[in-house]
1. Given the C-alpha atoms of the range 111-165, compute the convex hull and give its volume per residue in Å³.
2. Sort Trp225, Trp201 so the one with the fewest other Cβ atoms within 10 Å of its own Cβ comes first.
3. Using only the Cα atoms, work out Rg/Rh for the chain, with Rh taken as the Kirkwood radius, to two decimals.
4. Taking loop as defined by DSSP and a crowding limit of 14 other beta carbons within 10 Å, which trypsin sites (Lys or Arg not before Pro) in the range 73-156 fit?
5. Would you kindly calculate the translational diffusion coefficient of the range 26-208, applying Stokes-Einstein with the Kirkwood radius from alpha carbon pairs, for 25 °C and a viscosity of 0.890 mPa s, and quote it in µm² s⁻¹ without decimals?
6. Of the residues Gly307, Gly324, Gly356, which exhibits the maximal mean-square fluctuation in a Gaussian network model of the chain defined by a 10 Å Cα contact cut-off?
7. Which of Glu206, Glu154, Glu149, Glu346 comes first, and how do the rest follow, when ranked by fewest Cβ neighbours within 10 Å?
8. Please work out the Kirkwood hydrodynamic radius for the range 161-311, using every pair of different C-alpha atoms, and report it in angstroms with one decimal place.
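Quick note: the coordinates plus some simple rules give every number you see, no bench work behind them. All values reported here derive from a predicted model rather than from experimental measurement. Ideal geometry is used to build each Cβ from the backbone, glycine not excepted, and the neighbour counts take in all protein chains shown.
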Amino acid sequence: MNPVELTSSAAMPALPTGATPRRHGGLAQGIALMAIVNMPSLALSALVPGLPLLFQHFSNVPHFQLLVPMIITVPSLCVALMSGFTGMLADRFGRRNLLLVALLAFSLLGLAPLMFDSLPLIVASRVIVGVAEAAILTVGNALMGDYFEGAQREKWLGYQNMLSPLIGSAIILSGGLLAGVHWRYPFLLYLVGLAVFALAWFACWEPERDHAAPAQGSAAAAFPWRSTLFVCGVTVLFSMVFFVQAVQHGRIFGDMGVASPERISVLVTIASLGTVAGGYLFKRLGGVSVPLRLAISLALYGVCYVGVAWAPNPSVGLPLDALGQVGGGLLLPALIAWALTHYRFEHRGRGMGLWGGSFFLGQFLSAPLMTLVQGAAGTFLASVAVVGTICLIAAVVLAASTAARHPLTQ
């Protein structure tokens with residue numbers, strides 16, 4: 001089988017003869033990994049409600065209109081740029097120690113704005129938070145592959161994606177309440193990172209390397225660049241679709257005619273519950289091929305994006321918008337599970353680091369893409385409809401190719 005085929009039957013190469021079976025994770029490790037991979041959402045969700053207060057507080061600082069948003073966006077940019085490098089460190093020096101250092105740096109530097117009055121210094125601290133995020137996400141995803149296999153891996157990925165929107169909603173709500181007291185107080189939520197650090201310390205172990213692994217320099221030991229380029233390319237494309245809704249959610253409802261920020265936040269929270277359904281759907285489709293899962297996700301996004309563009313009012317638009325959340329709940333664990341099948345243990349850190357960087361690159365590219373499409377379509381919602389139409393066409397093509405037993409190849 002071609003190593004870059006987009007099928008669920010693509011599997012990691014068999015372990016060399018004589019390899020030592022690895023220890024498998026259980027309940028404690030599954031819970032710990034769910035907490036770990038949700039930590040970076042603090043960098044975004046906790047601060048969004050208090051962003052107007054940050055603008056107000058730093059309004060006398062030169063270039064504040066550029067620097068204040070960077071408090072939120074710089075960590076994501078660092079994840080895109082540094083995930084591959086942190087993955088190489090995890091493969092070279094081990095997973096656990098890097099994870100613990102990253103969680104500690106993430107928590108302590110996340111709390112730093114409680115003490116800083118300098119906007120440039122706060123932004124600089126966010127760079128370190130972003131590098132720590134890159135390591136946390138990379139190692140968390142790699143450990144999911146190290147600790148679990150097959151159905152168990154898919155089960156925990158499904159749980160992870162079902163839990164994420166609930167955690168995100170709790171973080172947004174807590175951040176808003178704390179911002180109402182003082183603009184600094186949302187950064188107190190980084191104290192949660194210290195609790196997750198303790199959980200990781202006790203629950204996570206360093207995975208054993210294969211004693212009979214291929215020798216350095218052998219063909220089997222070489223990093224699979226060809227399949228990685230394919231995985232990363234597919235991930236960027238799907239990530240751009242994913243972040244149309246994730247980044248522009250408030251604007252979608254705003255252009256539907258919802259003027260109140262409070263009402264928009266309520267509608268977004270209700271719609272995000274669709275992600276829970278998507279995570280459950282991922283678990284139920286355990287025997288379904290990767291192309292068909294991705295085709296279903298694209299179809300859900302297509303109906304969502306075309307539907308919200310033409311919805312006459314928010315009452316009609318809300319259930320259509322929730323369909324996109326279901327698609328996202330299916331898409332993200334499907335991409336992670338598929339990417340994990342392409343890497344041996346010795347390459348899993350770098351491979352999942354490059355995957356994470358590609359996913360966040362899609363976030364960076366999504367907004368400019370929508371700007372370009374809007375230039376041709378005329379309005380923002382019309383551009384959303386264009387993307388939705390492309391998703392529907394791609395879903396049909398992908399499903400048809402799966403039915404004809406012609407998997408997509410590089």
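1. Working: hull volume 4.8 nm³, N = 55.
Per residue, the Cα convex hull of the range 111-165 comes to 87 Å³.
2. On the way: Trp225 9, Trp201 14.
The most exposed by this proxy come first: Trp225, Trp201.
3. Result: Rg/Rh = 0.97.
4. Values: sites: Arg92, Arg95, Arg96, Arg126, Arg153, Lys155; in loops: none.
Sparse-neighbourhood loop trypsin sites (Lys or Arg not before Pro): none present.
5. Calculated translational D: 146 µm²/s.
6. Highest fluctuation of the listed residues: Gly307.
7. Values: Glu206 12, Glu154 21, Glu149 15, Glu346 18.
Lowest to highest Cβ neighbour count: Glu206, Glu149, Glu346, Glu154.
8. Numbers: mean 1/r = 0.0507 Å⁻¹.
So the Kirkwood estimate lands at 19.7 Å.
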